[in-house]
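Working notes, beginning with the structure itself.
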Amino acid sequence: MTIEGVRADLDTAQRKFDLERLFVPLMTAPVPPEIPVNDPERQEKLQRWQEENASAVPFGETFKANKRLALLALPGGGKTLLLKRLAVAYGDPSRRSASEDDLPDLNLYPVLVRCREWREYIDKPLPTIFENLAQITGQFDLSGFWTALRPKLRSGEVLLLVDGLDEIHNDAHRSMFVEHLERFLEDYPETRVIVTSREAGFSLVAPTLARFCERWKLAPLSKKAIEALCGHWHKLMVGDTPEGKSEASELSHKLLKTPALRRLAENPLLLTMLLVVKHGHGRLPPDRVSLYERAVEVLLDTWNIKGHEALNVKEAVPQLAYVAFELMRQGRQTATENELLGLLEEARENVPQIRRYAKDSTHDFLKRVELRSSLLIEAGHQPEGRTTVPFYQFRHLTFQEYLAAVASAEGHYRGYARDQSLLTPLGDFLTADEWKEVIPMAAVLAKKQAEPLIKGLFAEAEKDYKVSNHDLETDDRSFSGYTMPKSMENLLQCLSEEAEVSSETLGPALTLLALHARGCRENDNWEALLNGPYGIDFFNCAWEEYRKGDAPKVLWLRNTVAVSLAIQLIAREESIALQEYITSQLLSVDKEEIHKALLTISGFQWGRAGARLERHLTNELGFAEFLPYIERHLSDADNQIAEAATWAWGLSCREAESEPSKEILDRLLELYFFREGPLGPVAAFALGRAIGFPRKNWTPLLTPKQKQRLKSDLVERKHSANPYLRGAVMLLYYAKGVVDDRRLVRLLKNLPDRERVGVRAALKELPSSGDGGGDHQESPQLSKGPRKRRKTAPI
């Protein structure tokens with residue numbers, strides 16, 4: 001294996017090395033079954049299949065379990081390198097242990113067929129190719145190859161690796177090759193086979209391959225694989241040194257914590273390109289626009305230095321940008337050769353600067369781009385009249401989107417005039433799904449000229465803003481059923497990627513974003529926004545709206561503020577000790593500091609539960625240690641502080657080694673019946689979290705009116721929409737006798753999943769519980785025996 005394109009170190013770029021030094025084990029997932037659209041049970045079948053196949057499986061396990069595989073992946077997904085790894089591992093058993101991919105220990109002779117290299121012979125039967133290998137290759141030492149191979153085929157000692165089925169561009173030849181392959185395997189049924197293909201070129205032959213191959217796909221690189229490849233790279237480039245390890249760790253951390261970069265890093269080719277760009281420039285660019293710009297430059301100018309003459313970026317990028325934009329405007333990802341040549345001629349006519357740099361014909365330019373950079377590639381053939389013609393597409397949609405953004409920002413599009421703003425080419429696509437990546441990149445590229453586009457997005461977002469009164473639903477469905485408008489998604493991404501915007505536009509835009517954030521859980525760009533130059537402004541807008549105290553619960557502003565505080569604090573984790581910092585805030589005399597500390601505690605835990613902060617080591621925070629300080633503020637005169645303390649208490653109480661005091665439970669009982677504002681629902685949540693402690697240790701003192709209120713809270717609304725349900729069940733459990741124990745058992749078993757902690761322990765104390773709660777999982781903390789009652793913290 002070699003690495004090409006590392007401009008700063010040509011010796012390293014041209015050096016050969018064992019491929020295991022960069023190879024990382026890949027994960028696989030089965031391809032969903034093809035269920036007819038008219039099947040009435042289609043959705044149920046697909047959902048059941050997805051539940052059964054939710055987790056990716058290491059390739060080694062898939063290879064062990066399947067004798068014949070059709071392996072699909074996106075471009076750059078690692079298909080070719082995987083087959084090379086298999087060829088080496090079984091061609092030289094001493095290298096099988098050089099990677100941790102857990103390949104089965106089999107005596108196999110690998111035969112690798114690269115479809116693209118055999119175009120002239122690919123319509124021939126495989127035995128014909130193998131028998132004439134010496135004549136085809138000119139290597140006459142191979143004249144006895146077929147004779148030597150046949151006994152191994154009969155005994156099942158051959159691993160046949162077919163690379164790039166989609167690269168047989170003639171559809172008829174591709175179908176014929178698969179039919180030949182099927183007959184070959186009928187003649188030699190013990191042969192193991194793996195066929196790889198891009199998904200785009202697979203559909204034509206899928207029915208035939210399904211007769212003799214199990215279909216799987218390569219999964220995106222996992223966190224572990226990204227970290228491993230970063231480590232391998234730095235070891236290869238700078239050696240096995242402490243500095244190299246530290247640099248690798250720092251880089252992988254940045255890739256994993258930055259959503260836009262992580263999406264790139266999950267693709268092996270793009271991750272390798274990230275590493276190449278970082279190596280050549282000493283660091284990663286601060287935004288993805290800069291990264292794509294450098295990546296395109298690598299492909300055009302420094303990649304594949306042995307194969308082809310470099311392309312002038314000033315010549316190539318405007319032409320490719322023109323093509324990319326026009327195809328996107330037409331809603332297309334492919335074009336025939338003639339259509340592409342026409343667009344290139346049009347670009348040279350409409351953009352004079354292009355013609356000044358163009359040094360050869362449009363046809364020659366197109367071929368140079370494909371051979372040199374593979375930014376545009378011939379992807380197959382399609383009917384045109386009575387013949388079939390080649391069609392092309394950008395190797396990765398990412399590059400088409402980036403180049404379309406370049407065209408928008410730099411005027412490389414049909415009808416451009418100097419007095420036009422960025423809104424002119426993009427105004428019709430502000431909320432179109434196909435343009436959601438183009439819009440923010442164009443805004444970043446345009447720098448100060450992005451203002452009209454940002455204003456356009458803001459105007460669209462204001463139109464979409466439906467949540468403007470207090471008559472909205474205030475139940476759990478308000479979060480789970482919410483989808484952010486496309487205009488808002490694009491506005492968020494523009495600002496998270498640091499597009500330049502005036503102060504006059506920024507404030508209203510961030511306020512509108514805060515009202516749509518819903519806890520900052522459903523979009524990866526919230527973290528980028530909060531950690532970027534607009535993060536403080538966003539938080540201040542959210543805090544101001546939250547402190548007004550009149551926002552509907554459906555906006556989840558409290559949660560937005562809490563998660564924002566936690567995310568911004570994580571960014572400082574290297575310079576502060578989180579535990580000590582939060583404790584010092586809780587002990588402050590400044591009410592605002594206390595309020596923010598309480599929300600920060602909840603932001604860590606609620607965000608973690610929603611998988612927003614799971615990448616961070618929040619387990620190092622001892623949330624139970626905060627409880628005495630939290631409990632001081634359950635009776636705060638400021639209802640918002642009391643609400644924040646109650647929420648934090650509910651999220652933290654189960655981590656304590658002792659049970660809550662009677663005084664605290666009495667206070668939560670008081671808050672439960674406080675039906676003005678948010679205190680009642682959040683107290684119900686906190687009480688629901690406290691269920692499962694010994695029943696005899698607390699008896700809530702309830703008036704007849706309160707008992708009746710509890711009963712009505714059980715049936716007031718559907719369980720999923722009732723904010724008082726959990727607290728009502730908990731209070732009835734401890735009150736004893738208000739409802740029949742058999743009904744209480746049913747209520748406990750039907751609590752939402754989030755309340756499983758403690759339910760089994762509660763069921764064990766009820767005589768009517770039967771098997772003690774069925775499938776509910778017992779809390780590890782509740783299996784330790786009786787707990788000591790926690791003393792009430794000083795108020």
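The values are calculated or read from the model by the stated rules, or taken from the named source; none is laboratory data. Keep in mind that this is a model prediction, so the values were computed, not measured. Note that we place each Cβ from the backbone using ideal geometry, even for glycine, and neighbour counts take in every protein chain shown.
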message: List pairs: first residue in region 651-677 and over 15 Å from Leu731 (Cβ atoms), second residue of a type in the set (Phe, Trp, Tyr) and part of a loop (DSSP other than H, G, I, E, B) anywhere in the structure, Cβ distance under 9 angstrom, at least six positions apart or on different chains.
response: Glu659/Phe693; Glu659/Trp698
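What tally of residues in region 322-344 results from selecting those that are touching a strand residue (DSSP E or B) at 6+ places or on another chain (Cβ under 8 Å) and of a type in the set (Gly, Ala, Ser)?
First, pick out the residues of region 322-344 that are touching a strand residue (DSSP E or B) at 6+ places or on another chain (Cβ under 8 Å): 323-324, 327, 333-338, 340, 343.
Imposing the further condition that a residue be of a type in the set (Gly, Ala, Ser) reduces the set to 324, 335.
The qualifying residues number 2.
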statement: Taking region 360-386 and keeping residues modelled with pLDDT of 80 or more and more than 28 Å from Lys436 (Cβ to Cβ) leaves Asp360, Ser361, Thr362, His363, Asp364, Phe365, Leu366, Lys367, Arg368
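So if I check each of Leu149, Leu133, Leu181, Leu165, which one is under 24 Å from Asp92 (Cα atoms) and either modelled with pLDDT of 90 or more or in contact with a strand residue (DSSP E or B) (Cβ under 9 Å, 6 or more places away or on another chain) (or both)?
Values: Leu133 fails: either modelled with pLDDT of 90 or more or in contact with a strand residue (DSSP E or B) (Cβ under 9 Å, 6 or more places away or on another chain) (or both); Leu181 fails: under 24 Å from Asp92 (Cα atoms); Leu165 fails: under 24 Å from Asp92 (Cα atoms).
Exactly one of Leu149, Leu133, Leu181, Leu165 is under 24 Å from Asp92 (Cα atoms) and either modelled with pLDDT of 90 or more or in contact with a strand residue (DSSP E or B) (Cβ under 9 Å, 6 or more places away or on another chain) (or both), namely Leu149.
Enumerate the helices (runs of 4 or more DSSP H) found wholly within region 502-572, keeping only those where 1 or more residues are more than 21 Å from the chain's Cα centre (by Cα) and modelled with pLDDT of 95 or more. Before the answer, list the steps.
Details: elements: 503-516, 525-531, 535-548, 557-570.
Where helices (runs of 4 or more DSSP H) fall fully within region 502-572 and carry at least 1 residues being more than 21 Å from the chain's Cα centre (by Cα) and modelled with pLDDT of 95 or more, they are 503-516, 535-548, 557-570.
Select from region 674-706 the residues that are under 42 Å from the mean Cα position of the chain (by Cα) and assigned to a loop (DSSP other than H, G, I, E, B) and list them in ascending order. Don't jump to the end; show me each part of the working.
First pass over region 674-706, keeping only residues under 42 Å from the mean Cα position of the chain (by Cα): 674-693.
If the condition is that a residue be under 42 Å from the mean Cα position of the chain (by Cα) and assigned to a loop (DSSP other than H, G, I, E, B), then Phe674, Arg675, Glu676, Gly677, Pro678, Ala690, Ile691, Gly692, Phe693 are the ones that fit.
Only one of Ala405, Ala443, Ala379 is out of contact with any Pro (no Cβ under 9 Å at 6 or more places or on another chain) and not charged (D, E, K, R). Can you tell me which?
Working: Ala405 fails: out of contact with any Pro (no Cβ under 9 Å at 6 or more places or on another chain); Ala379 fails: out of contact with any Pro (no Cβ under 9 Å at 6 or more places or on another chain).
Exactly one of Ala405, Ala443, Ala379 is out of contact with any Pro (no Cβ under 9 Å at 6 or more places or on another chain) and not charged (D, E, K, R), namely Ala443.
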- request: Would you check which residues across region 186-203 are crowded, with 21+ Cβ neighbours inside 10 Å, modelled with pLDDT under 95 and of a type outside the set (Ser, Thr, Tyr) and list them?
  value: Val195
query: Looking at region 48-93, which of its residues are out of contact with any strand residue (DSSP E or B) (no Cβ under 6 Å at 6 or more places or on another chain), over 25 Å from Thr208 (Cβ atoms) and free of Cβ contacts under 8 Å to residues at least 40 places away in the same chain?
result: Arg48, Gln50, Glu51, Glu52, Ala54, Ser55, Ala89, Asp92, Pro93
message: Please go through region 420-469 and give me each residue that is surrounded by fewer than 20 Cβ atoms within 10 Å (Cβ to Cβ), among the β-branched types (Val, Ile, Thr) and at pLDDT 90 or above, ordered by number.
response: Thr424, Thr431
message: Yes or no: region 168-183 includes at least one residue that is farther than 20 Å from Ala73 by Cβ, touching a residue at least 24 places away in the same chain (Cβ under 8 Å) and in a loop (DSSP other than H, G, I, E, B).
response: yes
field: From the options Ala228, Ala219, Ala206, residue that is in contact with a strand residue (DSSP E or B) (Cβ under 8 Å, 6 or more places away or on another chain), crowded, with 20+ Cβ neighbours inside 10 Å and not hydroxyl-bearing (Ser, Thr, Tyr)
entry: Ala219
query: Can you tell me which residues in region 702-717 are at pLDDT 90 or above and among the hydroxyl-bearing types (Ser, Thr, Tyr)?
result: Thr703
statement: Subset of region 1-31, residues acidic (Asp, Glu) and either surrounded by 15 or more Cβ atoms within 10 Å (Cβ to Cβ) or at pLDDT 90 or above (or both), comes to Glu4, Glu20
task: Could you tell me which numbered condition Arg356 fails, if it satisfies all but one of (1) in contact with a Phe, Trp or Tyr (Cβ under 6 Å, 6 or more places away or on another chain); (2) surrounded by fewer than 20 Cβ atoms within 10 Å (Cβ to Cβ)?
output: (1)
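Yes/no per residue for (1) modelled with pLDDT under 85; (2) under 33 Å from the mean Cα position of the chain (by Cα); (3) aliphatic (A, V, I, L, M):
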| position | (1), (2), (3) |
| --- | --- |
| Ala728 | no, no, yes |
| Leu731 | no, no, yes |
| Pro752 | yes, yes, no |
| Val757 | yes, yes, yes |
| Arg760 | yes, no, no |
| Lys764 | yes, no, no |
| Pro767 | yes, no, no |
| Gly773 | yes, no, no |
| Glu778 | yes, yes, no |
- prompt: Can you name the number of the only condition in (1) at pLDDT 85 or above; (2) out of contact with any Asp or Glu (no Cβ under 6 Å at 6 or more places or on another chain); (3) buried (at least 19 other Cβ atoms within 10 Å of the Cβ) that Thr699 fails?
  reply: (3)
- line: From the option list Glu309, Glu337, Glu346, single residue qualifying as farther than 18 Å from Leu269 by Cβ and touching a Leu at 6+ places or on another chain (Cβ under 8 Å) is Glu337
Residue among Thr137, Thr147 that alone is over 46 Å from the mean Cα position of the chain (by Cα) and in the same structural domain as Thr191 (by TED's automatic domain parsing): Thr147
message: Contact list please: Cβ distance under 6 Å, first residue in region 680-706 and closer than 22 Å to Ser635 by Cβ and touching a residue at least 60 places away in the same chain (Cβ under 8 Å), second residue buried (at least 23 other Cβ atoms within 10 Å of the Cβ) and among the small types (Gly, Ala, Ser), pairs at least six apart or on different chains.
response: Gly688/Gly727; Arg689/Gly650
task: Identify the single condition in (1) within 35 Å of the chain's Cα centre (by Cα); (2) part of a loop (DSSP other than H, G, I, E, B); (3) surrounded by 15 or more Cβ atoms within 10 Å (Cβ to Cβ) that Arg211 does not satisfy, given that it satisfies every other one.
output: (3)
message: Filter region 330-347 down to the residues that are surrounded by 15 or more Cβ atoms within 10 Å (Cβ to Cβ), of a type outside the set (A, V, I, L, M) and in contact (Cβ under 8 Å) with a residue 12 or more places away in the chain and list them by number.
response: Gln333, Thr334, Thr336, Glu337, Glu346
field: Top-ranked residue of region 352-408 - restricted to ones that are in a strand (DSSP E or B) and small (Gly, Ala, Ser), ranked as farthest from the chain's Cα centre (by Cα)
entry: Gly380
